[in-house]
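Below you'll find the structure, written out as structure tokens, and then a few comments.
The values are calculated or read from the model by the stated rules, or taken from the named source; none is laboratory data. Fair warning: this is a prediction, and the values are worked out from it, not measured in the lab. Cβ atoms come from the backbone with ideal geometry, glycine included; neighbour counts cover every protein chain shown.
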Amino acid sequence: MISIDLSGKTILITGAMGAIAEHMVVRLAAAGAKLVLLDLKPAREAASKLEEWKVPAESYVYYSLDVTDSATLTRVVDTAFDRCPMMDTVLGHAGGCGLHPFASTTEAEFERIFRFNFFAQTYLARAVFAQWIARKIPGHLIFTSSYVARVPHTLIPSYASAKAALENFARCMALEYVSSGIRVNVISPGNVAAGSSLKVFEEDPAYREFVLRVSLGKRNSPESIAGAFVFLCSPLASEINGQILSADYGSGIGNRL
């Protein structure tokens, strides 16, 4: 069994208090990383949840914020780098949605979902890249996407479109920043049995049938997604750049765009 040691590494994670993120945070902390956790959840509530997850208080710092507020996000990122000046790994994990058919979703709600799942990631990238360039750090930015970026479904058009945009954005950034030593990659899960994926799966029979069909009857566990993140954060992945790692149990084989 390969043992991955992340001691000495500091990793920033957005959307850090979610159902999938729980397993990411626990695994990364267990591997020895110091974590900078960002989420909308109030700090007191987050501390209680992290204690429940058995994440040692000394292994993380926490900031409560809305990632769609670019000014606040930039300020928090700058503060995090002042506190952890050699931080070289950032996980843009915040995202999610419920069912939102195009005809019955308001323009404002459609834009809110897209902003949360795409534009907030560009705000994060802009703030982090500025720090890495100024500090001459060869950083690694990893986004969380979804298999629906390439295997679309009718009931989640804003979310699926946002994730497709995010994957192309990541590849563009990988090309644009390669000369600075900065890498950008994406992890693209299938339907995960946790969080908003689980909620949508349980709420809609047609979506459930779709998921089971394209994923060959298999769904991702949140633990498997956490494992993919630990791998990409490790030295084992030091020469991977501009890639979409489809940790999706084969979802969409024969169905990809």
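Overview of results
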| quantity | calculated |
| --- | --- |
| Residue in the stretch 117-128 that is assigned to a helix (DSSP H, G or I), farther than 21 Å from residue 226 by Cα and charged (D, E, K, R) present | yes |
| Residue 171, sole failed condition from (1) under 15 Å from residue 93 (Cα atoms); (2) modelled with pLDDT of 95 or more; (3) in contact with a Gly (Cβ under 7 Å, 6 or more places away or on another chain) | (1) |
| From the options 88, 78, residue that is of a type in the set (D, E, K, R) and under 19 Å from residue 184 (Cα atoms) | 88 |
| Residue check for residue 48: more than 27 Å from residue 235 (Cα to Cα), of a type in the set (Gly, Ala, Ser) and either touching a Ser or Thr at 6+ places or on another chain (Cβ under 7 Å) or surrounded by fewer than 23 Cβ atoms within 10 Å (Cβ to Cβ) (or both) | yes |
| Members of the stretch 23-44 that are free of Cβ contacts under 8 Å to residues at least 12 places away in the same chain and farther than 22 Å from residue 247 by Cα | 44 |
| Residue within the stretch 77-100 that is closer than 21 Å to residue 240 by Cβ and of a type in the set (D, E, K, R) present | yes |
| Pairs with Cβ under 7 Å, 6+ apart, first in the stretch 160-173 and on the phi < 0 side of the Ramachandran plot, second basic (Lys, Arg) and assigned to a helix (DSSP H, G or I) | none |
| Residue within the stretch 39-46 that is in a strand (DSSP E or B) and either under 21 Å from residue 227 (Cα atoms) or at pLDDT 95 or above (or both) present | yes |
| Near pairs, Cβ below 6 angstrom, 6+ apart or cross-chain, from the stretch 11-22 (at positive phi) to any residue that is part of a loop (DSSP other than H, G, I, E, B) and of a type in the set (A, V, I, L, M, F, W, C) | 15/94 |
| Residue 85 being over 28 Å from residue 46 (Cα atoms), modelled with pLDDT of 95 or more and outside any helix (DSSP H, G or I) | no |
| Residues of the stretch 88-109 that turn out to be modelled with pLDDT under 95 and not hydrophobic (A, V, I, L, M, F, W, C), as a count | 4 |
| Considering residues of the stretch 104-158 that are of a type in the set (A, V, I, L, M) and under 18 Å from residue 66 (Cβ atoms) only, the residue surrounded by the fewest Cβ atoms within 10 Å (Cβ to Cβ) | 108 |
| Helices (runs of 4 or more DSSP H) completely within the stretch 180-257 that count 3 or more residues being under 28 Å from residue 129 (Cβ atoms) and either modelled with pLDDT of 95 or more or of a type in the set (S, T, N, Q) (or both) | 222-233 |
| Test: residue in the stretch 98-109 that is over 20 Å from residue 33 (Cα atoms) and among the acidic types (Asp, Glu) | yes |
| The stretch 139-158 - residue that is of a type outside the set (S, T, N, Q) and assigned to a strand (DSSP E or B) and, of those, farthest from residue 121 (Cα to Cα) | 140 |
| Residue among 70, 146 that alone is under 20 Å from the mean Cα position of the chain (by Cα) and at pLDDT 95 or above | 70 |
